[in-house]
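Down below is the structure, laid out as structure tokens.
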């Protein structure tokens, strides 16, 4: 295995402060070098973090698009430049090349401790399977969504997002910090075991595959005119079938799910997604049989 | 009793969305006229509410300052104009004069359902005593704080703030909405009883009187470099004595309370107060014997 350097990013969104503090504590207590692997800890969006906002110009976690980042106009965006800097510094062809990136996020939705994968890279599956096996974490597999691209972890050969909630933006919660610390140290352990061939993959990986997103009810002016239904709020990962309530509008009318497919919702009511016209995303559940190739791909990193 | 019209304001801060929805539901189910009292329901800062932000230019709930609101420069602020509009419309000398105002707020701090009073007006004491008697609500009495002035309720002859938390900004929480609905309907009941002389004040009012505020530890650049201590977070209203932990900084050092007085903290870690350099405010507990004059003053409204 050739993994030599791993990048841990916190504060990719400046108002998600708990991972930043988890990393600060962790960085103080642990060595950056462990079993021959060097760990780099960095704040993704330090300017937004200092200001306590999600981003300055555009969402950093949608700014890793190769074609656009050479665009003159977009180059005036702080986050476009920051994305280029992170790649120049820590990208696989950067000055301190990292083979793996872990991007730490929080959500106001009741997602618990969860993993987000982008696409179906075997290397990511390998890492995610180890964490799911150890903690039973649910995995949101984001793919084929043309409206949402340019995620940070996609710009590295291997990477995943750890997403923990519910916690308010800019609100420090020691329990959330503890959960991040546990995940970071476990990841380091699992990667060490992988490096020493001491690990066996679980037989299967359970993933929730992105299918689409649902907007809030809106009035004629386009203003949100409905809320997540009381029976739906905080029920992330819980199956929805036809006729189940989704929203309650200002007239007291219940908006129900009208599809025939069973769906599993994620990021229900996430505050930051209002600007993206997303009240929740929905997924289908899929079980993927694990393959030796996953470990081989990981080892070839 | 001459109370004829009562103003219920929600969304004074645009990102505190739960009271807005409580009022929408309430407004749909109840008549605006009850026992000869007319209720006016209004969104304090509708533009900020639509944008999902706290305010556009300045904090509306610090914008009710008579002297400043004639100031040319400040008059270009949206909130200064909005404050003037609210007073022209619903102020005691406005076109639809309201004698009482109730301003509904949420907080990211774990304040529970609480009342905030500004100064020691007997009319406010009367109303607050009834609510405290009915629900045992804690009362934060804000006074003598030159850094924080121009609160909305101060611009009416009688008024109080209902402050409920913890809930994230812009996050809809049905339990919080239910709590607001309960308070609004109870207030209406209590005011009806007062009007019909069917009420007796409790013997005393317990208040937590504002003494000052404490900022976060900061580094040399002025950036926050410490968090509310895990033993302190969410412990609003719980007494602090000398030596009790307040903050944990990035070096792992515990910052302790060093004063000799016992204090009771409020708004611990409130996200919106970071920009005001407030990590928490602190109070002293005071028991005020109730007086008949309170009811008389209220009746003279």
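The values are calculated or read from the model by the stated rules, or taken from the named source; none is laboratory data. Predicted model, so just to flag it, every value in this text is computed and none were measured. Cβ coordinates were reconstructed from backbone atoms using ideal geometry, including for glycine residues, and neighbour counts include every protein chain displayed.
Below, the figures for the structure above:
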{"item": "Lone unmet requirement of (1) surrounded by fewer than 18 Cβ atoms within 10 Å (Cβ to Cβ); (2) touching a residue at least 12 places away in the same chain (Cβ under 8 Å) for residue B:197", "result": "(2)"}
{"item": "Meets criteria (assigned to a loop (DSSP other than H, G, I, E, B) and within 21 Å of residue B:140 (Cα to Cα)) for residue B:222", "result": "no"}
{"item": "Extreme residue, nearest to the other protein chains (Cβ to nearest Cβ), among residues of the range B:1-14 that are outside any loop (DSSP other than H, G, I, E, B) and within 15 Å of the chain's Cα centre (by Cα)", "result": "B:10"}
{"item": "Positions within the range B:15-31 being more than 12 Å from chain A (Cβ to nearest Cβ) and touching a helix residue (DSSP H, G or I) at 6+ places or on another chain (Cβ under 6 Å), in sequence order", "result": "B:19"}
{"item": "Subset of the range A:232-260 [in contact with a helix residue (DSSP H, G or I) (Cβ under 9 Å, 6 or more places away or on another chain) and over 17 Å from residue A:281 (Cβ atoms)]", "result": "A:248, A:250, A:251, A:252"}
{"item": "Count of residues meeting criterion [loosely packed, with under 15 Cβ neighbours inside 10 Å and touching a helix residue (DSSP H, G or I) at 6+ places or on another chain (Cβ under 6 Å)] in the range B:269-299", "result": "1"}
{"item": "Count of the range B:256-275 residues which are in contact with a strand residue (DSSP E or B) (Cβ under 8 Å, 6 or more places away or on another chain) and away from every other protein chain (no Cβ under 14 Å)", "result": "8"}
{"item": "Members of the range B:32-58 found to be within 15 Å of residue B:102 (Cα to Cα) and either at pLDDT below 90 or out of contact with any helix residue (DSSP H, G or I) (no Cβ under 9 Å at 6 or more places or on another chain) (or both), listed by number", "result": "B:32, B:37, B:38"}
{"item": "Where residue B:50 falls short, out of the listed (1) under 18 Å from the mean Cα position of the chain (by Cα); (2) free of Cβ contacts under 8 Å to residues at least 40 places away in the same chain; (3) within 13 Å of chain A (Cβ to nearest Cβ)", "result": "(1)"}
{"item": "Subset of the range B:116-143 [over 16 Å from the mean Cα position of the chain (by Cα) and farther than 23 Å from residue B:97 by Cα]", "result": "B:130, B:133, B:134, B:135, B:136"}
{"item": "Members of the range A:156-185 found to be in contact with a helix residue (DSSP H, G or I) (Cβ under 6 Å, 6 or more places away or on another chain), more than 14 Å from chain B (Cβ to nearest Cβ) and part of a helix (DSSP H, G or I), listed by number", "result": "A:184"}
{"item": "Residues of the range A:276-295 classified as assigned to a loop (DSSP other than H, G, I, E, B) and within 14 Å of another protein chain (Cβ to nearest Cβ), total", "result": "3"}
{"item": "Checklist (1) over 19 Å from residue A:28 (Cβ atoms); (2) part of a loop (DSSP other than H, G, I, E, B); (3) more than 9 Å from chain A (Cβ to nearest Cβ) applied to residue B:233, failing item", "result": "(3)"}
{"item": "Residues located in the range B:236-255, provided they are in a strand (DSSP E or B), within 28 Å of the chain's Cα centre (by Cα) and within 14 Å of chain A (Cβ to nearest Cβ)", "result": "B:245, B:246, B:247"}
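To keep it simple, each residue is scored yes or no on (1) crowded, with 22+ Cβ neighbours inside 10 Å; (2) under 30 Å from residue B:267 (Cβ atoms); (3) over 14 Å from the mean Cα position of the chain (by Cα); (4) not assigned by TED's automatic domain parsing to the domain that holds residue A:61.
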| position | (1), (2), (3), (4) |
| --- | --- |
| A:146 | no, no, yes, no |
| A:154 | no, no, no, no |
| A:163 | yes, yes, no, no |
| A:171 | yes, yes, yes, no |
| A:201 | no, no, yes, no |
| A:218 | no, no, yes, yes |
| A:231 | no, no, yes, yes |
